[in-house]
């Protein structure tokens, strides 16, 4: 049975490779939170022989070397930017952000929006940009 995706997160390359070495399974997709290098890709292929797609953050995908793309293409594996959100989660939901915009469109000053919604003034300005 092929599991849809395996997410592997590490703080550095050595830790990532160690995590990959300790894993087994039938994973069709693998997400790593680091830039894929040849040694990382080789370990993924070794541990997950049925992998069809490797994903990484979009900012690191563009930094990946051509050698890595070539090696994966030779094996029939795709390398794509992942759609994972990184960083701190949003503090305010989409509804609150829409309310800020709506109140501003009605002509309410940023300071009043801040007081009414109990949101810092600087945050109101950020969402109005």
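The values are calculated or read from the model by the stated rules, or taken from the named source; none is laboratory data. Just so it is clear, the structure is predicted and the values come from calculations on it, not from any experiment. Glycine gets a Cβ as well: all are built from the backbone with ideal geometry, and neighbour counts include every protein chain shown.
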Would you confirm whether or not the stretch 61-68 contains a residue that is touching a helix residue (DSSP H, G or I) at 6+ places or on another chain (Cβ under 8 Å), closer than 30 Å to residue 10 by Cα and either outside the structural domain of residue 25 (by TED's automatic domain parsing) or surrounded by 17 or more Cβ atoms within 10 Å (Cβ to Cβ) (or both)? yes
The helices (runs of 4 or more DSSP H) lying entirely within the stretch 28-129 that contain at least 2 residues which are closer than 18 Å to residue 17 by Cβ are 38-47, 66-75
Review point. Do the conditions hold for residue 85, that is, is it loosely packed, with under 14 Cβ neighbours inside 10 Å and either out of contact with any strand residue (DSSP E or B) (no Cβ under 6 Å at 6 or more places or on another chain) or modelled with pLDDT of 95 or more (or both)?
Key: yes
Every listed condition ((1) under 30 Å from residue 39 (Cβ atoms); (2) in contact with a helix residue (DSSP H, G or I) (Cβ under 9 Å, 6 or more places away or on another chain); (3) surrounded by fewer than 11 Cβ atoms within 10 Å (Cβ to Cβ)) holds for residue 90 save (1)
When every residue in the stretch 48-60 that is crowded, with 19+ Cβ neighbours inside 10 Å and within 11 Å of residue 28 (Cβ to Cβ) is compared, the one farthest from the chain's Cα centre (by Cα) is 48
For the structure I just gave you, tell me whether residue 71 is surrounded by 10 or more Cβ atoms within 10 Å (Cβ to Cβ), under 27 Å from residue 31 (Cβ atoms) and free of Cβ contacts under 8 Å to residues at least 12 places away in the same chain.
no
